[in-house]
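Here the structure comes first, spelled out in structure tokens, and everything after it is commentary.
No lab work stands behind these numbers, since they all come straight from the coordinates. This is a predicted model, so every value here is computed, not measured. Here the Cβ positions follow ideal geometry from the backbone for every residue, glycine too, while neighbour counts run over all protein chains shown.
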Amino acid sequence: MTEIADKIYEQALNLPVEDRVSLIDKLLESTNFSLKKDVEEAWIEEVEKRYNDFKSGKTKLIPGEEVFEKIRKRFGNDI
């Protein structure tokens, strides 16, 4: 980092957590990482859809032990 970036970083560490998070968001937005935001929004939509499907009974949860047992049977115990 440049000297000025180091100074800004040191000053930012003194900000309250909420302000640091806000600053991080603004800096990321300024770098045009809008694709990342689009991906995040898509994941949020997917999670909400899956949750609603579960709540309505359209889908059911499978215990983790059962999932891993199926994986072991299919691919072996090396997993």
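With springs only between Cα atoms under 10 Å, which of E45, E69, E29 fluctuates most in a Gaussian network model of the chain?
Answer for the Gaussian network model of the chain: E69.
Taking every alpha carbon pair in the chain, what does the distance histogram look like in 10 angstrom bins from 0, in percent?
Histogramming the chain at 10 Å steps yields 14, 21, 21, 20, 18, 5 percent.
Out of residues 5 or more away from T59 or on other chains, whose amide H comes under 5 Å of its own, with H placed 1.01 Å from N in the peptide plane?
F54
Excluding same-chain residues fewer than 8 positions from K36, which lysines have a Cα within less than 24 Å of its Cα?
Reachable lysines: K26, K49.
Which of the chymotrypsin sites (Phe, Trp or Tyr not before Pro) across segment 1-70 are loop residues per DSSP, with 15 or fewer other Cβ within 10 Å?
Numbers: sites: Y9, F33, W43, Y51, F54, F68; in loops: F33.
Here the sparse-neighbourhood loop sites are F33.
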